[in-house]
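**Student:** What follows is a structure written as structure tokens; I'll ask about it next.
The values are calculated or read from the model by the stated rules, or taken from the named source; none is laboratory data. Computed from a predicted model, the values in this text were never measured in an experiment. Here Cβ is always computed from backbone atoms with ideal geometry, including for glycine, and neighbour counts include all displayed protein chains. Accessible surface is based on the protein model in full, side chains and every heavy atom, while ligands, DNA and RNA are left aside. Shrake-Rupley method; radii C 1.70, N 1.55, O 1.52, S 1.80 Å.
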Amino acid sequence: MNLISPSILSCDYSRMGEEFEDMKKCGADWLHIDVMDGHFVPNITLGAPIVKCMRKCSDLVFDVHLMISDPIKYAPDFVKAGADIITFHIESDCDTAETVKLIKSSGCKAGIAVKPGTPAEAVFPYLGDIDMVLVMTVEPGFGGQSFMEDMMEKVTAVRKECERLSLDTDIQVDGGISLKTVEKAAKAGANVFVAGSAIFGADDRKAMITSLRELASRA
Ligand code: DX5
Ligand code: ZN
């Protein structure tokens with residue numbers, strides 16, 4: 001199933017409640033929440049207390065993308081704050097298996113993210129234990145960057161391995177997803193599409209979400 005997860009990195013944070021409401025009305029499936037610590041990536045966004053406030057504004061699935069060095073330390077705070085799925089980077093300082101175990105044991109779904117320089121094979125040992133693989137299609141840290149088409153081979157490699165293991169794992173792409181790129185990502189095997197600037201910058205956000213979903217399902 002193809003899902004659209006608008007990245008709220010591009011929303012107007014001074015009107016968060018209205019923005020989330022609007023995303024629901026426009027047909028978003030999830031809300032993608034980018035958490036950056038200024039250490040794992042050269043940018044700082046928000047922490048668990050803000051996610052807790054966000055939870056009061058929306059009943060959409062909270063898809064929390066942790067771009068932080070120490071996810072095992074902070075994941076429980078995001079679970080308590082109301083995350084539905086927590087994705088952390090395999091390149092972080094934490095033990096991957098332990099971090100997955102901690103997230104799953106709290107009743108949350110778990111995802112593993114890979115930066116552009118990390119090969120697909122890095123996530124293979126964990127596929128049986130996780131709900132989603134996030135293949136970054138930009139270097140994490142900022143919205144509005146260009147889609148890295150050369151990541152499509154990685155998406156396909158992860159999809160093939162999931163099929164070989166008879167796993168229905170979600171494969172998410174994040175960074176530069178737009179009307180021009182979504183079909184390529186879907187063809188490669190992705191089924192969860194994060195888009196920040198393309199959706200929040202659109203004149204007609206509902207039409208944008210509908211078109212992204214349609215183009216993905218055409219692939
Ligand atoms: C980048 C973030 C993305 C970003 C995507 O580090 O993980 O979620 O907001 O933004 P766009 O869709 O504008 O590339
Ligand atoms: Zn993200």
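**Student:** Kindly give the semi-axes, whole Å and largest first, of the ellipsoid equivalent to the range 1-99, taking each as the square root of 5 times a Cα gyration tensor eigenvalue.
**Tutor:** 23, 14, 12
**Student:** OK, next. If you roll a 1.4 Å probe over the heavy atoms of the protein chains, what accessible area per residue do you get for the range 97-219, in Å²?
**Tutor:** 45
**Student:** Would you list the P(r) distribution for the range 153-194, with all Cα-Cα distances sorted into 5 Å bins from 0 and each bin expressed as a whole %?
**Tutor:** Using 5 Å bins, I get a P(r) of 6, 26, 33, 21, 10, 4, 1 for the range 153-194.
**Student:** Considering Cα pairs under 8 angstrom that are at least six residues apart, work out the relative contact order of the chain and quote it in whole percent.
**Tutor:** Rounded, it is 21 percent for the chain.
**Student:** A further question on this structure: Quick check: convex hull of the Cα atoms in the range 1-40, volume per residue, rounded to a whole Å³?
**Tutor:** 78
**Student:** Could you put H39, H32 in order of accessible surface area, largest first, with the 1.4 Å probe and the full protein assembly present?
**Tutor:** The ranking, largest first, comes out as H39, H32.
**Student:** Another question, then. Give me the percent of accessible area attributable to carbon and sulfur for the chain, probe 1.4 angstrom.
**Tutor:** It is 51 percent, rounded to a whole number.
**Student:** Over all directions, the average projected area of the alpha-carbon convex hull for the range 146-219 comes to how many nm²?
**Tutor:** 4.6
**Student:** Moving to a separate point now. Heavy atoms of the protein only, probe of 1.4 Å, neighbouring chains included. What is the accessible area of S166 in Å², nearest 10?
**Tutor:** 100
**Student:** Given the protein chains as shown and a 1.4 Å probe, how many square angstrom of V155 are accessible, to the nearest 10?
**Tutor:** 0
**Student:** Over the range 93-219, what lengths in whole Å, largest first, do the semi-axes of the equivalent ellipsoid take, defined as the square roots of 5 times the eigenvalues of the alpha-carbon gyration tensor?
**Tutor:** Values for the range 93-219, descending: 25, 16, 14 Å.
**Student:** Starting from the exponent 0.38 and prefactor 2.2 Å, build the expected Rg for the chain from its residue count and divide its actual Cα Rg by it.
**Tutor:** After normalising by residue count via 2.2 N^0.38 Å, the value is 0.93.
**Student:** At K56 and F142, where each label point lies 7 Å from the Cα along Cα→Cβ, what is the point-to-point distance in nanometres?
**Tutor:** 3.4
**Student:** Moving to a separate point now. Can you give the convex hull volume of the alpha carbon atoms of the range 82-142 per residue, in Å³?
**Tutor:** 91
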